[in-house]
1. Can you show me the helix-derived [θ] at 222 nm for chain A, built from DSSP H runs with n ≥ 4 at -39,500 (n - 2.57) apiece and divided by the number of residues, rounded to the nearest 500.
2. Return A:Arg214, B:Arg76 ranked ascending by Cβ neighbour count within 10 Å, so the fewest neighbours appear first.
3. What are the extents of the Cα atoms of chain A along their three principal axes, listed from largest to smallest and rounded to whole Å?
4. Build a GNM of chain B with springs between Cα atoms under 10 Å: which of B:Gln182, B:Gln192, B:Gln16 gets the top mean-square fluctuation?
5. Is the shape of the stretch B:123-201 rounded, prolate or oblate, going by the alpha carbon gyration tensor and its root eigenvalues a ≥ b ≥ c, with a/c under 1.5 for rounded and a/b larger than b/c for prolate?
6. What is the order of B:His156, A:His170, B:His11, fewest Cβ neighbours within 10 Å to most?
7. Could you give each residue of the stretch B:76-82 its phi-based ³J(HN,Hα) in whole Hz, using Karplus coefficients 6.51, -1.76, 1.60 with θ = phi - 60°, and x for Gly or Pro?
8. Number of Lys pairs in the protein assembly as shown with C-alpha atoms less than 14 angstrom apart, excluding same-chain neighbours closer than eight positions?
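Read-outs: derived from the displayed coordinates by stated rules, not from any lab. Remember, predicted model here, so these are calculated numbers, not experimental data. Virtual Cβ from ideal backbone geometry, glycine too; neighbours counted across all protein chains shown.
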Amino acid sequence: MATQDTALDTRSGRRSTAQRNALFLRIAELAPIVIVLFVLFGGALVLALLQSLGFAPWFGINTFPDFSYFGALWGSSAFWVSLGLTLYYGLVSTIIALIMAIVLSLALIKPFRGKTLYKYLYKLPLMIPYTVGIALAVLMLGNGGILSRLMALVGMIDNPGDFPQILKTHYGWGIIAVYVWKQVPFMTLAIYAVLLGIGRETEEAAAILGATRRQIFFSVTLPQILPGIVSSTLICFAFNVGAFEAPFILGGGYPDTLPVVAWRYFNDANYAFQLQGMATVVSIGIVAGVILFAYLAVYRRYERMRGRA
Amino acid sequence: MARKATNTFTHLSPFQRFYLVAVAALIVGPFLPLIIQSLAFRWAWPNLLPTVWWMEQRERSPIPLAWDYVLSPYSRVYEATFNTMVIGIAVTVICLAICLPAARVLARESFRGKNSFEFFLSLPLIVPEAAIGIALLMIFINLGLAGSYVGIIIAHLIPTIPYMVRMLTAVYQGLGREFEEQAMILGASRWQILRMVTLPMLMPGVVAGALFTFLVSSNIFLLTFFLGQGKIITLPTLLFSKISGGTLDASAAGITLIVSLPGIILLIISERFIKEEAFGKGFGN
C-alpha cells in the first residue's frame, strides 16, 4: 500500500525544506531501534553462521568456507535424535497450552463472580521466571514429590520408586508441564485480547440463525481468534525450541535437546568444538526459521483466501 | 429459543465452571507445598505434611532454618536481587529511549516497507534464544563484554524491544494528534510540545511499557546465564544453580519464593496497566 507521504517524497522529485526535515526526523527517530536490532541481532546471526562455516580467527581457525562442521553434525544420528526431541517438546507443549488457553479465554469472556480476582490470578505464571516453574515441577512431579505422596495416600503406590517417572525421561512430561504452566496465561492473554476486540455479536447472530455450538466455534469464533493464536503459538514454539533451563534440569540426559547440546559443545575445553556448537546453534535457527516461516506463509494464504489481508 | 441463546453467552457452563477452578488450582496450587517446604524441618515421603516443623526446633534457630540461610549473605539472594534490579532498570530506561521515537513513527507515519519493518521488529520474539545467546556470547567474549553488566544489559534489549515498541505504538495510536496540533498553532516549539503535551498524555502507556519491560528483563534466564559467565547472578540464574541437581530442599524452596516475589508485586500493581492489545496484535497482518 503506497502512501501519500512516500508518493510525494519520491514522485515529485523536489522536496520542500519542511518535507526534508520531516524525513530526517523520521530517520533519526527510527535509527536507534534499527541500529540496535540490526547490529546486535543481525550481527549475532551473521557471525554465528560465519563461525559455523569455519571462520574463527581468534582461535587461530580460519578455514572459511568449510562445511565440515555441519557435515559432522548432520552426519551423526545423535543430532537427529536431539532435533526430534527438541521439536517434540516444543510442539506438544505448544499444542496442549493452546487448547487449554482457548478453553480458558472462552470462559474468561463471560461474566462471573470473582472475575477481577481471577484475571489477576491466572497471569501469575506469566510474571515469574521459568526457573520457578521448574522448581515447582521438581516439588510436585518428582518421585518423592507431592503427586507421588498423594498417590501413596490413596494406596496406589507403596514406595517412591513405584511412582511413574515423569521427570528426567525422554518423554519429557516434566518439561512439557513447565512450558504449559508458563505459557497458558501468555496465550490466554493474546486470545482473550482478540475476543475482547471483536465482541460477541457475530456469535450471537450465528446462534439465533440456528448454528450449533460446535458450528459457532469452528466457523465463527476460531477464524476470528486466529491472529491471536498464530502470534502466541509462534512466540511460544520458538521459545520452547530455544530454551535451555527446563530440558537441562528436567530432561532425560543424553541425547539432550539441541540448545543443551550446543551449550555442552560450547563449554568444551577444545576450541574446535565451539565451532561445532555454532553449527548446532545455526541448525536450531534454520529449523525453527523454516517451520515458523512455513507456518506464517500458510496462515497468510488462509487470510488471503478469506479476503482479510 | 432466543433466551437460551443469550444464556449460553452470559452464563458459564458447568464444564467451564469446573475448568476455571481446575486451572486456578494448577496455577496457584503448587505454591502451597512450596511454602510448607520452606518451613519444614523434616518432611519425608509419604507424609503430606512435615513430620518436624521448624517451630519444634526453634531453640536451635529463632527463625526457620531455610529462611535463616536465604536471608543471610551466604545465599547470595541480596546480590542477585540487586543485580536483577539494576539490570532491569537500566534495560527499561534504554529500551524506552530507543522505542519511544520509533513508536511515534510507526503509529503516525506510513512509509514503504512499513509492514516488513514491523515484522523485522518482531523477529527477536521468534528466533530461538539459545541461538542468539551463544552467538552473542562469542561476540561479547571478543569485545570483553562477557560477564559484565553492560553485556547483559545490551543482550536484554533484544527480547524486550519488540514488546516495548508494540505497547508504545498502541499507546501512540490511541492518542489523537489534535492536542499537539493545537499547541503547534499556539506557537509551541517541537521540544515544548513533546515535554508539555505529548509525554504527559503518553504517561500511562509509558508506565505500562516500562513495567512490562522490567518484568521481561527480570525473568530472562538464558541470556543472563550465558553472558553473565557465572560472574553476574540474577534471581533466575541463582535459582537455577540451586535446583540444577533436580532436587528442591527447604532453602531452595525459600529462594523460589523470593524469586517469585517481584513478579507477584508487579502483577498486583500492574494488572490494569498491561495492555492486552500488545499481545493480541498478530504477526504479519
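1. When only DSSP H runs of four or more count, the value is -22500 deg cm²/dmol.
2. On the way: A:Arg214 8, B:Arg76 15.
Least crowded to most crowded, the residues run A:Arg214, B:Arg76.
3. 86, 72, 33
4. In this elastic network of chain B, the residue with the biggest mean-square fluctuation among B:Gln182, B:Gln192, B:Gln16 is B:Gln16.
5. prolate
6. B:His11, A:His170, B:His156
7. 3J(HN,Hα) across the stretch B:76-82, in whole Hz: 6, 5, 4, 4, 5, 4, 4.
8. 5
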